[in-house]
Amino acid sequence: CVSTTVDPFWDISLDVAQEVLRSPSSSSGSPQQITLEDCLHRYIMPEHLGSNAKTKCARCETYEESTKQLTLKTLPMVACFHLKRFEHSHKDRKKMDTKIKYPQFIDMTPFTASFRERSSGAPESRTSIVTDLLTTNRNKYELFAVVNHLGTMESGHYTCYIRHQRNQWFQCDDQKVTKVPTERVLSSQGYLLFYHKCHADYY
């Protein structure tokens, strides 16, 4: 039995713990480097809920072990990715400085519900292939802002990189605003990543 629940979201919170993300399937090809795409693939991986979280099937009315999987049904104009760098537990709390490589452009198609449905279905026709190409173009995003956290859990400071024009970036650090190259932005640690669609959808 399969059930679907649709929930709105403000941002996408992604695990950055190396022990969680590091795997042979890492798109980076290196155990030392983790990409934003790796985090997103981890986000949509099926999760087995186990015997302690059995759910009742509405159709057969029996309790069964279940699997949960997240996908994106509708993509927003602006996508905000929250890298979960702060970890709290009953023992301690810490900040994770895991290096996450994030791109200037990203295609969100592989993380959508429609892509998952097509991937598990029958071979595509020529018409559906053309439709997929158009969809891919609509699902491309470009980075336009990055929020960074400097320091520790106990004492820290937030700064922001913001793109003003096509390739002109500025760093905002309290009242100080300075021009910076794109390379400096992409090499920063990243806490919040803001992307906007390259092609606007009008409804």
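Residues that are among the charged types (D, E, K, R), closer than 20 Å to Ala79 by Cα and over 17 Å from the mean Cα position of the chain (by Cα) within the stretch 146-201 comprise Arg163, Arg166, Asp201, listed in sequence order.
A single entry from Pro76, Pro31 fulfils the requirement of being surrounded by 11 or more Cβ atoms within 10 Å (Cβ to Cβ), at pLDDT 90 or above, outside any strand (DSSP E or B) and not small (Gly, Ala, Ser): Pro76. The condition (being modelled with pLDDT of 80 or more, closer than 27 Å to Val6 by Cβ, among the hydroxyl-bearing types (Ser, Thr, Tyr) and surrounded by 11 or more Cβ atoms within 10 Å (Cβ to Cβ)) is satisfied by just one residue among Thr159, Thr112, Thr135: Thr112.
Scanning the stretch 141-156 for residues that are loosely packed, with under 14 Cβ neighbours inside 10 Å and of a type in the set (Asp, Glu) gives a single hit, Glu154. Just to be sure I understand the filter: pairs with C-beta atoms under 7 Å, separated by 6 or more residues or on different chains, first member in the stretch 68-91 and closer than 18 Å to Ile162 by Cβ, second member basic (Lys, Arg). Which pairs pass? As it stands, the answer is Met77/Lys197, since those pairs meet every condition given.
Test Leu70 against the criterion of being surrounded by 10 or more Cβ atoms within 10 Å (Cβ to Cβ) and modelled with pLDDT under 90, and give yes or no. Don't jump to the end; show me each part of the working.
Values: surrounded by 10 or more Cβ atoms within 10 Å (Cβ to Cβ): yes; modelled with pLDDT under 90: yes.
Criteria met by Leu70.
Of the strands (runs of 3 or more DSSP E) lying entirely inside the stretch 146-203, those carrying at least 2 residues that are of a type in the set (Ser, Thr, Tyr) are 156-165.
Restricting the stretch 153-173 to residues that are in contact with a Ser or Thr (Cβ under 9 Å, 6 or more places away or on another chain) and touching a residue at least 12 places away in the same chain (Cβ under 8 Å), the residue that is farthest from Lys84 (Cα to Cα) is Asn167. Looking at the stretch 45-60, is at least one residue modelled with pLDDT of 75 or more, surrounded by 15 or more Cβ atoms within 10 Å (Cβ to Cβ) and in a loop (DSSP other than H, G, I, E, B)? The answer is no; no qualifying residue exists.
Name the single residue, out of those in the stretch 15-28 being surrounded by 11 or more Cβ atoms within 10 Å (Cβ to Cβ) and either of a type in the set (Gly, Ala, Ser) or touching a Leu at 6+ places or on another chain (Cβ under 6 Å) (or both), that is modelled with the highest pLDDT.
Pass one, the stretch 15-28, residues surrounded by 11 or more Cβ atoms within 10 Å (Cβ to Cβ): 15-18, 20-23, 26-28.
From what is left, the residues that are either of a type in the set (Gly, Ala, Ser) or touching a Leu at 6+ places or on another chain (Cβ under 6 Å) (or both) are 16-17, 23, 26-28.
Values: Val16: 89, Ala17: 79, Ser23: 52, Ser26: 50, Ser27: 52, Ser28: 50.
Per the stated criteria, the residue is Val16.
The values are calculated or read from the model by the stated rules, or taken from the named source; none is laboratory data. Everything numeric here is computed off the predicted structure, so don't read it as measured data. Neighbour counts run over all protein chains shown; Cβ positions are idealised from the backbone, glycine included.
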